[in-house]
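K.L.:
Have a look at this one.
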Amino acid sequence: MLLTAPRGTQDILPGASANWQYIEATVRDICRLYGYKEIRTPVFEHTELFLRGIGETTDVVSKEMYTFTDRGERSLTLRPENTAAVVRAFLEHKLYAESLLSKLFYIGPMFRYDRPQAGRYRQFHQFGIEALGSKGPAMDAEVIILAVQLLERLGLNDLKLFLNSVGCPECRPLYRTALQENLREKTEALCGDCQSRFERNPMRILDCKNPKCAEVSTGAPHIVDCLCEDCNAHFEHLKSLLAAAGIDFVLNPRLVRGLDYYTKTAFEIQYAPLGSQSAVCGGGRYDGLVAECGGQSTPSIGFAIGLERILLALEKQGLLPEVNNGIDVFVAPIGKENQSIAFKLLCDLRKNGLTADMDFMDRNIKGQMKQANKYPARFVAIIGDEEALQGKVMLKNMQSGIQELVDNIAVQNKIQLEMED
Ligand code: HAM
């Protein structure tokens, strides 16, 4: 046990971290294009925030939270998602006073106690954005298009964007009642979870994965047919904006999402080759959350993308870029007596911005050349007794194989000139 990472967690080893950096760099670049600024919040928050923000009846809160009491008797929870925490930070630091619209993004670990399988972990990473302040459907369109553009830029095609509206506190209660009326006679055929959802959260029955529940709810009324005028106009406008931007979407009246804060727009992006964990992105509008957390009413929308799932998808499709581990120079002293000169050269090269390394294992020159090849290094700077005596370095261009005796102090220039060629 001591030598095994906890179930549902993964080490990101040096061989894989470049893939993460690649995804994160693409994320940061897209966020720059769209004007979203990074926010970093703590990995744990007061438990109350998630109870209030996400909803006590949701699976995430009732079954999946890592909650603990700290030494000061406070109940804290490792964040299962970041929307509630961003809202908390938005209010705590009065970001609303800085501008009418706050466009924020985050990348970081989230924690859910769920049954691990491929694509589902107990510690996983999300990239998410939250736009707080705008109620217009153009904001929804921007958020959705950002997600689509990111995934496309990474090379993922065949994505499916599912879209729905889950209404607002005005129209949803009416729909809820209509749905309960429709299902009331058939509750016995529902799975245990859905039976308990019937009173507490009946809309969740619609997206239960159990085929029996899907059968029971076939023919149930659709929320899009029960939307109030405002929600309906919002949804129609959003659809027209997406169509005008050339974004394909599929209307899915059963898409309700697993977190209670959603209002109006709900969306999910699926990548079918991932199988059962095919949801790579989920999001929606949450116009009531900021007020629920104690602030002024602030219409908001966002999404989160599961980065492990993106990585799996990119691996599957062979879309990860080749990692370049190469360095500019390998410094190779011959004999212990020349190590100090070599070390000084190494330090100078690095100070001047070249990627450089040397042997720290007392290898002979043959071993050092092997190491240089393994990187691979573009140049090897060899310092033997003769070179040391003359204040010179034997510089070998590993591509051409040409060796040249160069003044120690001129090595840097020589390398840079050759690299520019
Ligand atoms: P979510 O649908 O719970 O939404 O999660 C978003 C994405 O995180 C999922 O589509 C999936 O890719 C990934 N994900 C979730 N759970 C796991 C897991 N156990 N293992 C691996 N990946 C996982 C939210 O979290 C909302 N906060 C999104 C949002 C932001 N809505 C508005 N703003």
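K.L.:
Taking 0.36 nm per residue of separation and subtracting the Cα-Cα distance, what length does fully extending D11 through M419 add? Walk me through the numbers before you get to the answer.
P.N.:
On the way: separation 408, 0.36 × 408 = 146.88 nm, distance 3.61 nm.
Extra length from D11 to M419 when fully extended: 143.3 nm.
K.L.:
Out of every Cα pair in segment 134-205, what percent are spaced more than 15 Å from each other?
P.N.:
Working: 1728 of 2556 pairs.
Of all Cα-Cα pairs in segment 134-205, 68 percent lie more than 15 Å apart.
K.L.:
With the other protein chains left in place, how much accessible area per residue, in square angstrom, belongs to the chain at a 1.4 angstrom probe?
P.N.:
Numbers: 21440 Å² over 421 residues.
About 51 Å² of surface per residue is accessible.
K.L.:
Apply the Karplus parameterisation 6.51 cos²θ - 1.76 cosθ + 1.60, with θ equal to phi minus 60°, to every residue of segment 279-284 and state each ³J(HN,Hα) to the nearest whole Hz, in sequence, with x for glycine and proline.
P.N.:
6, 9, 8, x, x, x
K.L.:
Turning to a different aspect of this structure: Mean-square fluctuation check for the chain, GNM, Cα pairs under 10 Å: which of A214, A279, A18 is largest?
P.N.:
A214
K.L.:
Please report, to two decimal places, log10 I(q)/I(0) for segment 248-326 at q = 0.11, 0.26 Å⁻¹ as given by the Debye formula with identical point scatterers on the Cα atoms and no solvent.
P.N.:
-0.43, -1.21
K.L.:
Among the lysines, which have Cα under 24 Å from the Cα of K370 when same-chain residues fewer than 8 positions away are ignored?
P.N.:
List returned: K336, K344, K392, K396, K414.
K.L.:
Once both labels are modelled 7 Å past Cα along the beta-carbon direction, what's the E170-Q296 spacing in nm?
P.N.:
2.1 nm
K.L.:
Ignoring ligands, DNA and RNA, what percent of the 1.4 Å accessible area of segment 124-207 is carbon and sulfur? Don't skip to the answer; put the middle values down first.
P.N.:
Working: 1650 of 3480 Å².
Exposed carbon and sulfur together represent 48 percent of the surface.
K.L.:
Identify which of L78, L255, L395 has the largest mean-square fluctuation in a Gaussian network model of the chain, with springs joining Cα atoms closer than 10 Å.
P.N.:
Maximum among the listed residues: L395.
K.L.:
What FRET efficiency, computed as 1/(1 + (r/R0)^6) with R0 = 60 Å and r the Cβ-Cβ distance, is obtained for L33 and S75, rounded to the nearest 0.05? Mind showing how you got there, number by number?
P.N.:
Values: r = 40 Å, r/R0 = 0.67.
It comes out at approximately 0.90.
K.L.:
Please list the equivalent ellipsoid semi-axes of segment 117-157, computed as the square roots of five times the alpha-carbon gyration tensor eigenvalues, in descending order and whole angstrom.
P.N.:
On the way: eigenvalues 125, 51, 11 Å².
In descending order the semi-axes read 25, 16, 7 Å.
K.L.:
Can you tell me the 0 to 90 degree angle between the C-alpha axis of helix 137-153 and the longest principal axis of the chain, rounded to 10?
P.N.:
Once rounded, the angle reads 40 degrees.
K.L.:
Would you please give the FRET efficiency between C228 and L100, computed as 1/(1 + (r/R0)^6) with r the Cβ-Cβ distance and R0 = 22 Å, to the nearest 0.05?
P.N.:
On the way: r = 25 Å, r/R0 = 1.15.
According to the calculation, E is roughly 0.30.
K.L.:
Oh, and also: What 222 nm value per residue comes from the helices of the chain, counting each DSSP H run with n ≥ 4 as -39,500 (n - 2.57) and dividing by all residues, nearest 500 deg cm²/dmol? Kindly include the intermediate steps, with their values, before the conclusion.
P.N.:
Working: 15 runs with 157 residues, N = 421.
So the helix-based figure for the chain works out to -11000 deg cm²/dmol.
K.L.:
Using the alpha-carbon atoms, what tilt in degrees (0 to 90, nearest 10) does helix 411-420 show relative to the longest principal axis of the chain?
P.N.:
It works out to around 60 degrees.
K.L.:
Normalised by the residues of the chain, what does the relative contact order come to in percent, with Cα pairs under 8 Å and at least six apart? Intermediate values should be presented prior to the final figure.
P.N.:
On the way: 693 pairs, mean separation 60.9, N = 421.
Over the chain, the number comes to 14 percent.
K.L.:
Mind checking which aspartates and glutamates have their Cα closer than 14 Å to the Cα of K316? Skip sequence neighbours fewer than 8 apart in that chain.
P.N.:
Within reach: D158, E308.
K.L.:
Would you mind listing how long segment 22-72 runs along its three principal axes, going by Cα atoms, in whole Å with the largest first?
P.N.:
Principal extents (largest minus smallest coordinate, Cα): 39, 28, 20 Å.
K.L.:
Please give the contour-minus-distance gain from K344 to K374: 0.36 nm per residue of separation, less the Cα-Cα distance, rounded to one decimal in nm. Please report the intermediate quantities before stating the final value.
P.N.:
Working: separation 30, 0.36 × 30 = 10.80 nm, distance 2.30 nm.
Fully extending the segment from K344 to K374 adds 8.5 nm.
K.L.:
Under the rule of at least 5 residues apart or a separate chain, name every residue whose amide H is placed under 5 Å from the amide H of I327.
P.N.:
Here the answer is A377, R378, since their amide H atoms fall under 5 Å of that of I327.
K.L.:
Still on this model: Can you work out ³J(HN,Hα) from phi for every residue in segment 66-76, in order, using Karplus 6.51 cos²θ - 1.76 cosθ + 1.60 and θ = phi - 60°, giving whole Hz and x for Gly and Pro?
P.N.:
My calculation for segment 66-76 gives 8, 10, 8, 9, 8, 5, x, 6, 8, 8, 10 Hz in order.
K.L.:
Compute the helix-to-body angle for 229-244: its Cα long axis versus the longest principal axis of the chain, expressed 0 to 90° and rounded to tens.
P.N.:
Once rounded, the angle reads 40 degrees.
K.L.:
Here is a further query. Semi-axes, largest first, in whole Å: what does sqrt of 5 times each Cα gyration tensor eigenvalue give for segment 372-421?
P.N.:
They are 18, 13, 8 Å, listed from largest to smallest.
K.L.:
Another question about this same structure. Sorted by mean Cβ packing within 10 Å, highest first, what order do the peptides 260-270, 340-350 take? Write down the numbers at each step before the final one.
P.N.:
Values: 260-270: 23.9, 340-350: 16.7.
Those peptides, ordered most packed to least, come out 260-270, 340-350.
K.L.:
Return the Cα extents of segment 162-294 along principal axes one, two and three, sorted largest first, each rounded to a whole Å.
P.N.:
Computed over the Cα atoms, the extents are 45, 38, 31 Å.
K.L.:
Here's something else I'd like to know. Can you check what the Kirkwood hydrodynamic radius comes to for the chain, Cα pairs only, in Å to one decimal? Can you show the working numbers first?
P.N.:
Working: mean 1/r = 0.0399 Å⁻¹.
Taking every pair of different Cα atoms in the chain, averaging 1/r and inverting gives 25.1 Å.
K.L.:
For the chain, set up a Gaussian network in which alpha carbons nearer than 10 Å are linked by springs, and say which option among G246, G284, G136 fluctuates the most.
P.N.:
Largest GNM mean-square fluctuation: G246.
K.L.:
May I ask for the equivalent-ellipsoid semi-axes of segment 265-421, computed as the square root of five times each C-alpha gyration tensor eigenvalue and listed largest first in whole Å? Write down the numbers at each step before the final one.
P.N.:
Working: eigenvalues 587, 78, 38 Å².
For segment 265-421, the ellipsoid semi-axes come out as 54, 20, 14 Å.
K.L.:
So, one more: Short version: ³J(HN,Hα) in whole Hz for each residue of segment 315-332, in order, from phi by Karplus 6.51 cos²θ - 1.76 cosθ + 1.60 (θ = phi - 60°), x for Gly and Pro, what are they?
P.N.:
Whole-Hz 3J(HN,Hα) from phi for segment 315-332: 4, 4, 8, x, 9, 7, x, 5, 8, 9, 9, x, 10, 6, 9, 10, 9, 10.
K.L.:
Stokes-Einstein at 10 °C, 1.306 mPa s, Kirkwood radius from Cα pairs: D for segment 65-207 in µm² s⁻¹? Walk me through the numbers before you get to the answer.
P.N.:
On the way: Rh = 19.1 Å.
It comes out at roughly 83 µm²/s.
K.L.:
Give me the tail of P(r) for segment 1-95 as a percent: Cα-Cα pairs with distance above 19 Å. All intermediate terms of the calculation are to be shown ahead of the outcome.
P.N.:
Working: 2713 of 4465 pairs.
For segment 1-95, the fraction of Cα-Cα distances above 19 Å is 61 percent.
K.L.:
Now, a different point. Dividing the Cα radius of gyration by the Kirkwood radius, what Rg/Rh value follows for segment 306-345? Numbers along the way, then the final one.
P.N.:
Values: Rg = 20.1 Å, Rh = 13.8 Å.
Looking at segment 306-345, the ratio lands at 1.45.
The values are calculated or read from the model by the stated rules, or taken from the named source; none is laboratory data. The structure displayed is predicted, hence computed values, not measured ones. A quick note on method: Cβ atoms are made from the backbone with ideal geometry, for glycine too, and the neighbour counts reach across all protein chains shown. Accessible surface areas use protein heavy atoms only, side chains included; no ligands, DNA or RNA. Shrake-Rupley method; radii C 1.70, N 1.55, O 1.52, S 1.80 Å.
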